[in-house]
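Read the structure below first, then the notes.
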Amino acid sequence: MNNRQLFQQYVAQTSPSPVGLEIVSASGNYLYDVAGNKYLDLIGGISVCNVGHGHPAVTEAIKKQADLYLHVMVYGELVQSPQVKYAELIARHMPEMLSCVYFTNSGTEATEGALKLARRATGRTDIISCNNAYHGHTLGALSVMGDEYWRNAFRPLMPGVRHYDYNSDALIAGMKINSDLGYEPVTYSELTQDEAFWQGCKSCVNHEILMSKGRKNCLCTAMLYDPKDHYTPEETASEFKKKEHVYARFLRSKQSRFLRNLKKNNFLISMHGLFTSLFL
């Protein structure tokens, strides 16, 4: 078998129709295949080779490091001078609060690390993400991915993720719920009466359900608002008191049905229900 056939048989394919070019060398902005054809590389290893292929400074640094050591213990257990200097350089170009670097092998791992860090630092589990966003292909990254094309085949995904359109009123409203994000806190009732919030929901995939039956049911933030039955706590207590006999009758009915079901299954429980009814 030739290399292309071996590639197709032994290397896991990530798309139905891989390009399948057999690359033998690369230099600067160009790739060269086994037949000597030259291709302009507009991907650059997804920005890994962002200074071009075979850059003299990069290849010299790799050769120098290979003569010393390649892979050793990761996770920050050992002091490795190149890594330390690189982290220091990155930190110098970042805001003061971002003074520590966690190195990963890929963008999707960086996303996973960010999700875990957010959970660990805040103690909360809900995540707000945006539609049409791309974050990677591990499970957590897929969960916050903003495109059903990528994530649909891997459901169920991580729970607690809410998707909104970029710069939408719904996104801002969702963020306002959490005062720790720096926005003025609002209550659910205040938010559900904000018409700008509901206007922003028009782009939501749940919008038809959202406005069904004349009720405002927000599936994204678990809110329910209906002006006809939106009571204050005092009004709710008063309404319950007014209809207390109805609720009591309903409760007795439920208890009776429950006991009847138990009597069918167990004679002792049936006798207990009989004595209970006699003494009541």
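The values are calculated or read from the model by the stated rules, or taken from the named source; none is laboratory data. Note that the coordinates shown come from a computational prediction; the quantities given were computed from them, not determined experimentally. Every residue, glycine among them, receives a Cβ derived from its backbone with ideal geometry; neighbour counts consider all protein chains shown.
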**Candidate set from the range 1-57 (those that are of a type in the set (Asp, Glu) and out of contact with any helix residue (DSSP H, G or I) (no Cβ under 9 Å at 6 or more places or on another chain)); member that is nearest to TRP150 (Cα to Cα)** = ASP41
**Message:** Just the residues that are assigned to a loop (DSSP other than H, G, I, E, B) and surrounded by fewer than 11 Cβ atoms within 10 Å (Cβ to Cβ), please, taken from the range 52-71.
**Reply:** TYR69, LEU70, HIS71
**Request:** For TYR134, work out the one condition from (1) in a loop (DSSP other than H, G, I, E, B); (2) surrounded by 15 or more Cβ atoms within 10 Å (Cβ to Cβ) it doesn't fulfil.
**Result:** (2)
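Residue by residue, here is whether (1) at pLDDT below 90; (2) outside the structural domain of VAL58 (by TED's automatic domain parsing); (3) not small (Gly, Ala, Ser) holds:
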| site | (1), (2), (3) |
| --- | --- |
| GLN8 | yes, no, yes |
| PRO18 | yes, no, yes |
| SER27 | no, no, no |
| TYR30 | no, no, yes |
| LEU40 | no, no, yes |
| ILE46 | yes, no, yes |
**Item:** Single match in ARG124, ARG120 (criterion: exposed (fewer than 10 other Cβ atoms within 10 Å of the Cβ), within 28 Å of MET158 (Cα to Cα) and either in the same structural domain as SER25 (by TED's automatic domain parsing) or under 27 Å from the mean Cα position of the chain (by Cα) (or both))
**Value:** ARG120
**Request:** Would you check which residues across the range 72-91 are in a loop (DSSP other than H, G, I, E, B) and closer than 18 Å to ALA114 by Cα and list them?
**Result:** TYR75, GLY76
**Prompt:** Only one of TYR86, TYR39 is out of contact with any Gly (no Cβ under 7 Å at 6 or more places or on another chain), surrounded by 12 or more Cβ atoms within 10 Å (Cβ to Cβ) and over 26 Å from THR108 (Cβ atoms); which?
**Reply:** TYR39
**Request:** Can you work out which of the residues in the range 141-164 that are out of contact with any strand residue (DSSP E or B) (no Cβ under 7 Å at 6 or more places or on another chain) and more than 25 Å from PRO16 (Cβ to Cβ) is surrounded by the fewest Cβ atoms within 10 Å (Cβ to Cβ)?
**Result:** PRO159
**Prompt:** Do the conditions hold for SER99, that is, is it in contact with a strand residue (DSSP E or B) (Cβ under 9 Å, 6 or more places away or on another chain) and either among the hydroxyl-bearing types (Ser, Thr, Tyr) or under 30 Å from ALA61 (Cβ atoms) (or both)?
**Reply:** no
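Regarding the range 92-99, can at least one residue be identified that is touching a helix residue (DSSP H, G or I) at 6+ places or on another chain (Cβ under 9 Å), within 19 Å of LEU139 (Cα to Cα) and either in a helix (DSSP H, G or I) or without any contact (Cβ under 8 Å) to a residue 40 or more places away in the chain (or both)?
First, pick out the residues of the range 92-99 that are touching a helix residue (DSSP H, G or I) at 6+ places or on another chain (Cβ under 9 Å): 98-99.
Now drop any that are not within 19 Å of LEU139 (Cα to Cα), which leaves none.
Scanning the range 92-99, I find no residue that is touching a helix residue (DSSP H, G or I) at 6+ places or on another chain (Cβ under 9 Å), within 19 Å of LEU139 (Cα to Cα) and either in a helix (DSSP H, G or I) or without any contact (Cβ under 8 Å) to a residue 40 or more places away in the chain (or both), so the answer is no.
Quick one: would you say ARG151 is touching a helix residue (DSSP H, G or I) at 6+ places or on another chain (Cβ under 8 Å) and modelled with pLDDT under 90? Break it down stepwise before answering.
On the way: touching a helix residue (DSSP H, G or I) at 6+ places or on another chain (Cβ under 8 Å): yes; modelled with pLDDT under 90: yes.
Here the answer is yes, as ARG151 does meet what is asked.
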